[in-house]
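Down below is the structure, laid out as structure tokens.
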Amino acid sequence: ALGRNLPQENYVPFIQTDVAINPGNSGGPLFNLDGEVVGINSHIYSRTGGFMGVSFAIPIELAMDVARQLREEGHVARGWLGVMIQDVTRDLAESFGMRRPRGALVSQILEDSPAADSPLRVGDVIVRFDGHDVPTSGALPAIVGRTPVGEQVPVEIIREGERRTVQVRVGELPEDLTARGPVPAP
């Protein structure tokens, strides 16, 4: 499965697989059937503590982008909006005039964040970000995180039952948020 979220990492859309990863062997390549490296093995969830379980790999495109940033900039910068988000339930979708639940509901806008200086408002449902569909709230952090810092991007929202496109400038995820561990929103 692609685009899996893990509790401690909102910015990586992991590849889920049943490949055996022995504890301590993270960091090895995940190959597809054509022999191409498609990911870097990262986590295993196992009830026994052994190699049997569900494994997760970092997509190779993300790993290569991180390597490029480290080479060129000396650090990794992730895009950030500064919003708290939640899933759109069936009931919420109905109340917003949506045919089905999708997107990320903006439940809070953080002070002094890029979103605070944007047209986004609490109650907006983000359904597309910079040309990428947002099927669930869990998909948004990874999409925003991969967006270059400082870039102004189109964001499709549903506000008061109407679809609109607003422009939002992406900021850099502050180090103090990164150092605290899991970040709850993009």
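Can I get the semi-axes of segment 79-179's equivalent ellipsoid? Compute them from the C-alpha gyration tensor as square roots of 5 times the eigenvalues, in angstrom, largest first.
In descending order the semi-axes read 22, 13, 12 Å.
What number, in percent, do you get for the relative contact order of segment 79-179 if the mean sequence gap of Cα pairs under 8 Å and at least 6 apart is divided by its residue count?
Rounded, it is 30 percent for segment 79-179.
What order do you get for 157-165, 27-35 when each peptide is scored by the mean count of other beta carbon atoms within 10 Å, highest first?
157-165, 27-35
Values quoted throughout were computed directly from the atomic coordinates according to the rules given, and no laboratory measurement underlies them. If you're wondering where the values come from, they're calculated on a predicted model, not measured in any experiment. With ideal geometry, Cβ positions are generated from the backbone for all residues, glycine too; neighbour counts draw on all protein chains shown.
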